[in-house]
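So the structure is just underneath, and the comments pick up after that.
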Amino acid sequence: MDHIAILKHAAQTTLRHRALWVLGFLWALVSGSGGFSGNFGNIGTTGFGEPMTWSPELTPWLLTALVVFLVLFCVLVPIAVVLSYVLWAGIGRVLDAWYTRQIPPTVGAGFREGWHRRTWRLFLLNLVVYVPVTLVFLATLLVAASPLLLLLVEEDVATVIGVVMAIGLLIPTVLVWVVVFAVLAVLAQFWWRAVVLDDQPISTALRYGWELVRGRLRDVAIMWLLMFGVNLLLSMVLFVVFGLAAGLALVVAGGPAWLLSRLTDSLVPALLWGVPVGFVVLMLPTLFVTGLYLVFQTAVWNQVYRLMAGDAARS
(Lines give C-alpha, C1' and ligand atoms only; values in the text may rest on other atoms or scores of the structure.)
Protein backbone atom coordinates (compact mmCIF):
# COMPACT_ATOMS: atom_id res chain seq x y z
CA MET A 1 0.00 0.00 0.00
CA ASP A 2 1.38 3.39 -1.05
CA HIS A 3 0.28 5.53 1.88
CA ILE A 4 1.71 8.80 0.53
CA ALA A 5 -0.02 8.30 -2.83
CA ILE A 6 -3.30 7.80 -0.99
CA LEU A 7 -2.83 11.07 0.91
CA LYS A 8 -1.95 12.94 -2.30
CA HIS A 9 -4.94 11.53 -4.18
CA ALA A 10 -7.27 12.43 -1.31
CA ALA A 11 -5.90 15.98 -1.18
CA GLN A 12 -6.26 16.40 -4.96
CA THR A 13 -9.81 15.10 -4.87
CA THR A 14 -10.77 17.40 -1.99
CA LEU A 15 -9.32 20.52 -3.62
CA ARG A 16 -10.51 19.71 -7.14
CA HIS A 17 -14.26 19.36 -6.57
CA ARG A 18 -16.02 22.43 -5.21
CA ALA A 19 -19.15 20.43 -4.49
CA LEU A 20 -17.12 18.67 -1.81
CA TRP A 21 -16.28 22.05 -0.29
CA VAL A 22 -19.99 22.77 0.12
CA LEU A 23 -20.79 19.33 1.47
CA GLY A 24 -17.82 19.42 3.85
CA PHE A 25 -18.76 22.88 5.13
CA LEU A 26 -22.32 21.75 5.80
CA TRP A 27 -21.06 18.60 7.51
CA ALA A 28 -18.78 20.62 9.80
CA LEU A 29 -21.64 23.04 10.50
CA VAL A 30 -24.25 20.48 11.53
CA SER A 31 -21.83 18.21 13.36
CA GLY A 32 -20.42 21.01 15.49
CA SER A 33 -16.84 20.53 14.23
CA GLY A 34 -15.87 24.17 14.06
CA GLY A 35 -12.63 23.58 15.90
CA PHE A 36 -12.76 26.55 18.25
CA SER A 37 -15.21 28.52 20.30
CA GLY A 38 -15.08 32.27 20.28
CA ASN A 39 -15.06 34.99 22.88
CA PHE A 40 -16.42 38.21 21.48
CA GLY A 41 -14.94 40.44 24.10
CA ASN A 42 -15.85 41.80 27.46
CA ILE A 43 -19.30 43.35 27.23
CA GLY A 44 -19.16 44.54 30.81
CA THR A 45 -17.11 47.63 29.97
CA THR A 46 -17.32 50.36 27.38
CA GLY A 47 -15.07 53.15 26.29
CA PHE A 48 -11.59 52.95 27.76
CA GLY A 49 -12.38 50.59 30.62
CA GLU A 50 -15.33 52.65 31.91
CA PRO A 51 -17.71 50.28 33.74
CA MET A 52 -21.16 49.91 32.26
CA THR A 53 -24.03 49.50 34.71
CA TRP A 54 -26.79 46.97 34.14
CA SER A 55 -29.76 48.43 32.30
CA PRO A 56 -33.28 47.14 33.07
CA GLU A 57 -34.12 47.33 29.37
CA LEU A 58 -31.80 44.35 28.79
CA THR A 59 -33.87 42.00 30.95
CA PRO A 60 -36.74 41.33 28.49
CA TRP A 61 -34.26 41.07 25.63
CA LEU A 62 -32.21 38.46 27.48
CA LEU A 63 -35.29 36.50 28.55
CA THR A 64 -36.58 36.51 24.98
CA ALA A 65 -33.18 35.44 23.67
CA LEU A 66 -33.07 32.60 26.24
CA VAL A 67 -36.52 31.32 25.24
CA VAL A 68 -35.70 31.55 21.55
CA PHE A 69 -32.40 29.74 22.14
CA LEU A 70 -34.10 26.89 24.03
CA VAL A 71 -36.77 26.49 21.35
CA LEU A 72 -34.22 26.54 18.55
CA PHE A 73 -32.04 24.09 20.48
CA CYS A 74 -34.87 21.58 20.85
CA VAL A 75 -35.79 21.91 17.17
CA LEU A 76 -32.43 22.29 15.48
CA VAL A 77 -30.40 19.68 17.38
CA PRO A 78 -32.41 16.69 16.09
CA ILE A 79 -32.35 18.19 12.58
CA ALA A 80 -28.59 18.70 12.83
CA VAL A 81 -28.07 15.10 13.96
CA VAL A 82 -30.09 13.77 11.01
CA LEU A 83 -28.29 16.03 8.55
CA SER A 84 -24.88 15.09 9.95
CA TYR A 85 -25.57 11.41 9.33
CA VAL A 86 -26.99 12.12 5.88
CA LEU A 87 -23.90 14.12 4.93
CA TRP A 88 -21.58 11.60 6.54
CA ALA A 89 -23.00 8.75 4.46
CA GLY A 90 -23.54 10.89 1.35
CA ILE A 91 -19.99 12.24 1.23
CA GLY A 92 -18.61 8.76 1.73
CA ARG A 93 -20.74 7.45 -1.14
CA VAL A 94 -19.92 10.21 -3.66
CA LEU A 95 -16.21 9.93 -2.88
CA ASP A 96 -16.42 6.19 -3.40
CA ALA A 97 -18.23 6.72 -6.70
CA TRP A 98 -15.43 9.05 -7.82
CA TYR A 99 -12.71 6.67 -6.65
CA THR A 100 -14.21 3.51 -8.16
CA ARG A 101 -16.18 4.77 -11.20
CA GLN A 102 -14.90 8.32 -11.81
CA ILE A 103 -18.36 9.85 -11.27
CA PRO A 104 -17.82 13.51 -10.33
CA PRO A 105 -19.32 14.41 -6.93
CA THR A 106 -22.17 16.91 -6.75
CA VAL A 107 -24.05 18.49 -3.86
CA GLY A 108 -27.31 16.90 -4.96
CA ALA A 109 -25.72 13.46 -5.21
CA GLY A 110 -24.34 13.84 -1.70
CA PHE A 111 -27.81 14.39 -0.27
CA ARG A 112 -29.44 11.73 -2.44
CA GLU A 113 -26.88 9.10 -1.50
CA GLY A 114 -27.10 10.03 2.16
CA TRP A 115 -30.89 10.04 2.36
CA HIS A 116 -31.20 6.27 2.39
CA ARG A 117 -32.01 3.53 4.89
CA ARG A 118 -28.31 2.59 4.98
CA THR A 119 -27.80 5.85 6.89
CA TRP A 120 -30.17 4.55 9.55
CA ARG A 121 -27.97 1.48 9.83
CA LEU A 122 -24.98 3.76 10.31
CA PHE A 123 -26.79 5.42 13.23
CA LEU A 124 -27.65 2.02 14.71
CA LEU A 125 -24.05 0.89 14.26
CA ASN A 126 -22.84 3.76 16.43
CA LEU A 127 -25.43 2.92 19.07
CA VAL A 128 -24.48 -0.77 19.06
CA VAL A 129 -20.79 0.01 19.42
CA TYR A 130 -20.52 3.15 21.53
CA VAL A 131 -23.40 2.89 24.00
CA PRO A 132 -22.11 -0.34 25.65
CA VAL A 133 -18.52 0.88 25.46
CA THR A 134 -19.45 4.19 27.09
CA LEU A 135 -21.35 2.42 29.87
CA VAL A 136 -18.38 0.13 30.57
CA PHE A 137 -16.06 3.15 30.47
CA LEU A 138 -18.14 5.00 33.07
CA ALA A 139 -18.40 1.86 35.22
CA THR A 140 -14.63 1.35 35.25
CA LEU A 141 -14.10 5.02 36.15
CA LEU A 142 -16.50 4.64 39.07
CA VAL A 143 -14.70 1.52 40.24
CA ALA A 144 -11.30 3.24 39.94
CA ALA A 145 -12.58 6.25 41.87
CA SER A 146 -14.28 4.13 44.55
CA PRO A 147 -11.37 4.52 47.04
CA LEU A 148 -12.45 8.15 47.36
CA LEU A 149 -15.31 6.83 49.50
CA LEU A 150 -12.74 6.65 52.28
CA LEU A 151 -13.03 10.45 52.46
CA LEU A 152 -16.36 9.89 54.19
CA VAL A 153 -14.49 8.42 57.17
CA GLU A 154 -13.13 11.92 57.90
CA GLU A 155 -9.80 10.68 59.14
CA ASP A 156 -6.49 11.94 57.80
CA VAL A 157 -5.01 8.48 57.23
CA ALA A 158 -8.13 7.23 55.41
CA THR A 159 -8.23 10.39 53.29
CA VAL A 160 -4.61 9.99 52.21
CA ILE A 161 -5.05 6.29 51.45
CA GLY A 162 -8.24 6.96 49.47
CA VAL A 163 -6.71 9.72 47.37
CA VAL A 164 -3.52 7.77 46.66
CA MET A 165 -5.42 4.60 45.71
CA ALA A 166 -7.84 6.54 43.50
CA ILE A 167 -5.01 8.26 41.64
CA GLY A 168 -3.15 4.97 41.29
CA LEU A 169 -6.22 3.34 39.76
CA LEU A 170 -7.52 6.25 37.67
CA ILE A 171 -4.30 6.98 35.78
CA PRO A 172 -3.81 3.48 34.26
CA THR A 173 -7.59 3.18 33.72
CA VAL A 174 -7.70 6.39 31.70
CA LEU A 175 -4.59 5.40 29.72
CA VAL A 176 -6.11 2.03 28.86
CA TRP A 177 -9.32 3.68 27.71
CA VAL A 178 -7.41 6.16 25.56
CA VAL A 179 -5.94 3.18 23.72
CA VAL A 180 -9.34 1.46 23.54
CA PHE A 181 -11.05 4.51 22.02
CA ALA A 182 -8.17 5.01 19.56
CA VAL A 183 -8.52 1.39 18.39
CA LEU A 184 -12.29 1.76 18.15
CA ALA A 185 -11.88 4.93 16.08
CA VAL A 186 -9.76 3.04 13.56
CA LEU A 187 -12.06 0.02 13.45
CA ALA A 188 -15.05 2.32 13.02
CA GLN A 189 -13.51 3.63 9.78
CA PHE A 190 -13.97 0.14 8.35
CA TRP A 191 -17.24 -0.75 10.08
CA TRP A 192 -19.17 2.22 8.79
CA ARG A 193 -17.78 1.85 5.27
CA ALA A 194 -18.90 -1.77 5.19
CA VAL A 195 -22.38 -0.54 6.13
CA VAL A 196 -22.52 2.56 3.90
CA LEU A 197 -20.42 1.63 0.88
CA ASP A 198 -21.16 -2.09 0.66
CA ASP A 199 -24.64 -2.12 2.26
CA GLN A 200 -23.69 -4.85 4.71
CA PRO A 201 -25.78 -5.64 7.81
CA ILE A 202 -24.35 -4.39 11.09
CA SER A 203 -23.27 -7.80 12.37
CA THR A 204 -21.56 -8.63 9.08
CA ALA A 205 -19.90 -5.20 8.94
CA LEU A 206 -18.46 -5.59 12.44
CA ARG A 207 -16.94 -8.95 11.61
CA TYR A 208 -15.75 -7.88 8.15
CA GLY A 209 -14.12 -4.68 9.37
CA TRP A 210 -12.30 -6.53 12.14
CA GLU A 211 -10.98 -9.14 9.67
CA LEU A 212 -9.72 -6.43 7.29
CA VAL A 213 -7.84 -4.59 10.03
CA ARG A 214 -6.41 -7.77 11.55
CA GLY A 215 -5.14 -8.92 8.15
CA ARG A 216 -3.39 -5.61 7.35
CA LEU A 217 -2.53 -4.30 10.80
CA ARG A 218 0.79 -2.76 9.72
CA ASP A 219 -0.73 -0.76 6.87
CA VAL A 220 -3.57 0.46 9.08
CA ALA A 221 -1.14 1.50 11.84
CA ILE A 222 1.02 3.45 9.37
CA MET A 223 -2.00 5.28 7.97
CA TRP A 224 -3.25 6.06 11.48
CA LEU A 225 0.13 7.58 12.36
CA LEU A 226 0.14 9.66 9.17
CA MET A 227 -3.39 10.89 9.84
CA PHE A 228 -2.38 11.69 13.42
CA GLY A 229 0.32 13.94 11.98
CA VAL A 230 -2.22 15.52 9.64
CA ASN A 231 -4.44 16.19 12.64
CA LEU A 232 -1.60 18.00 14.38
CA LEU A 233 -1.01 20.08 11.26
CA LEU A 234 -4.72 20.85 11.06
CA SER A 235 -4.67 22.09 14.66
CA MET A 236 -1.91 24.55 13.82
CA VAL A 237 -3.71 25.70 10.67
CA LEU A 238 -6.97 26.17 12.57
CA PHE A 239 -5.16 28.15 15.26
CA VAL A 240 -3.85 30.57 12.64
CA VAL A 241 -7.20 30.73 10.83
CA PHE A 242 -9.03 31.32 14.08
CA GLY A 243 -6.63 34.09 15.06
CA LEU A 244 -7.06 35.87 11.73
CA ALA A 245 -10.84 35.43 11.88
CA ALA A 246 -10.91 36.78 15.44
CA GLY A 247 -9.03 39.89 14.31
CA LEU A 248 -11.44 40.37 11.42
CA ALA A 249 -14.43 39.84 13.74
CA LEU A 250 -13.05 42.46 16.12
CA VAL A 251 -12.94 44.98 13.28
CA VAL A 252 -16.18 44.06 11.50
CA ALA A 253 -18.31 43.30 14.56
CA GLY A 254 -16.57 44.75 17.58
CA GLY A 255 -15.84 48.19 16.12
CA PRO A 256 -19.39 49.00 14.94
CA ALA A 257 -20.83 47.46 18.13
CA TRP A 258 -18.69 49.76 20.26
CA LEU A 259 -19.78 52.79 18.21
CA LEU A 260 -23.44 51.79 18.52
CA SER A 261 -23.11 51.46 22.29
CA ARG A 262 -21.53 54.89 22.53
CA LEU A 263 -24.02 56.59 20.19
CA THR A 264 -27.15 55.04 21.69
CA ASP A 265 -25.84 54.69 25.27
CA SER A 266 -27.34 51.19 25.25
CA LEU A 267 -26.04 47.65 24.90
CA VAL A 268 -29.04 46.36 22.93
CA PRO A 269 -28.06 47.61 19.44
CA ALA A 270 -24.42 46.72 20.12
CA LEU A 271 -25.36 43.15 21.01
CA LEU A 272 -27.78 42.82 18.11
CA TRP A 273 -24.97 43.69 15.72
CA GLY A 274 -21.86 42.42 17.45
CA VAL A 275 -22.91 38.92 18.53
CA PRO A 276 -24.38 37.51 15.27
CA VAL A 277 -21.96 39.29 12.94
CA GLY A 278 -18.97 38.40 15.08
CA PHE A 279 -20.04 34.79 15.35
CA VAL A 280 -20.49 34.45 11.59
CA VAL A 281 -17.17 36.12 10.75
CA LEU A 282 -15.38 34.03 13.37
CA MET A 283 -16.84 30.64 12.52
CA LEU A 284 -17.11 30.64 8.71
CA PRO A 285 -13.36 30.24 8.02
CA THR A 286 -12.87 27.58 10.70
CA LEU A 287 -15.91 25.63 9.52
CA PHE A 288 -14.67 25.79 5.94
CA VAL A 289 -11.20 24.47 6.84
CA THR A 290 -12.67 21.80 9.10
CA GLY A 291 -15.05 20.74 6.33
CA LEU A 292 -12.17 20.31 3.91
CA TYR A 293 -10.41 18.12 6.45
CA LEU A 294 -13.51 15.97 7.02
CA VAL A 295 -13.76 15.36 3.26
CA PHE A 296 -10.03 14.66 3.04
CA GLN A 297 -10.16 12.22 5.94
CA THR A 298 -13.11 10.40 4.39
CA ALA A 299 -11.32 10.19 1.05
CA VAL A 300 -8.20 8.74 2.68
CA TRP A 301 -9.96 5.97 4.58
CA ASN A 302 -12.24 5.23 1.61
CA GLN A 303 -9.19 4.39 -0.45
CA VAL A 304 -7.65 2.33 2.34
CA TYR A 305 -10.88 0.40 2.73
CA ARG A 306 -11.27 -0.28 -1.01
CA LEU A 307 -7.65 -1.37 -1.41
CA MET A 308 -7.80 -3.70 1.56
CA ALA A 309 -11.23 -5.07 0.61
CA GLY A 310 -10.02 -5.70 -2.95
CA ASP A 311 -6.91 -7.49 -1.75
CA ALA A 312 -9.00 -9.58 0.66
CA ALA A 313 -11.41 -10.54 -2.14
CA ARG A 314 -8.53 -11.66 -4.39
CA SER A 315 -6.79 -13.72 -1.71
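Sort through T119, T140 and tell me the only one that's surrounded by 15 or more Cβ atoms within 10 Å (Cβ to Cβ) and under 20 Å from the mean Cα position of the chain (by Cα). Answer to the check: T119. Scanning region 1-32 for residues that are under 20 Å from Y305 (Cβ atoms), in a loop (DSSP other than H, G, I, E, B) and either among the β-branched types (V, I, T) or out of contact with any Leu (no Cβ under 7 Å at 6 or more places or on another chain) (or both) yields a total of 2.
Would you say L95 is out of contact with any Lys or Arg (no Cβ under 8 Å at 6 or more places or on another chain) and surrounded by fewer than 19 Cβ atoms within 10 Å (Cβ to Cβ)? No. Being modelled with pLDDT under 75 and either in a helix (DSSP H, G or I) or crowded, with 20+ Cβ neighbours inside 10 Å (or both) holds for only one residue in L260, L307, L292, and it is L260. When I103 is tested against (1) surrounded by 12 or more Cβ atoms within 10 Å (Cβ to Cβ); (2) assigned to a helix (DSSP H, G or I), just one condition goes unmet, and that condition is (2). Checked against (1) at pLDDT below 85; (2) more than 30 Å from R112 (Cβ to Cβ); (3) not basic (K, R), V280 meets all criteria but (2). Among the residues of region 155-200, the one identified as assigned to a loop (DSSP other than H, G, I, E, B), more than 25 Å from the chain's Cα centre (by Cα) and surrounded by 13 or more Cβ atoms within 10 Å (Cβ to Cβ) is Q200.
Among residues of region 1-14 that are touching a residue at least 60 places away in the same chain (Cβ under 8 Å) and surrounded by 15 or more Cβ atoms within 10 Å (Cβ to Cβ), those with a Cβ under 8 angstrom from a residue that is among the charged types (D, E, K, R) and not in a helix (DSSP H, G or I), sequence gap 6+ or separate chain, pair up as M1/R216.
Return the pair list, or none, for Cβ contacts closer than 8 Å from residues in region 143-162 that are closer than 22 Å to W177 by Cβ to residues that are among the small types (G, A, S) and part of a helix (DSSP H, G or I), at least 6 apart or on different chains. Short answer, once both residue conditions are applied: A144/A166; A145/A166; S146/A166; P147/G162; P147/A166; L148/G162; L148/A166; L149/G162. None of R121, R112, R117, R93 is under 23 Å from A299 (Cα atoms) and at pLDDT below 90 except R117.
The values are calculated or read from the model by the stated rules, or taken from the named source; none is laboratory data. Only a predicted model underlies this, so the values are computations on that prediction, with no experimental measurement involved. Here Cβ is always computed from backbone atoms with ideal geometry, including for glycine, and neighbour counts include all displayed protein chains.
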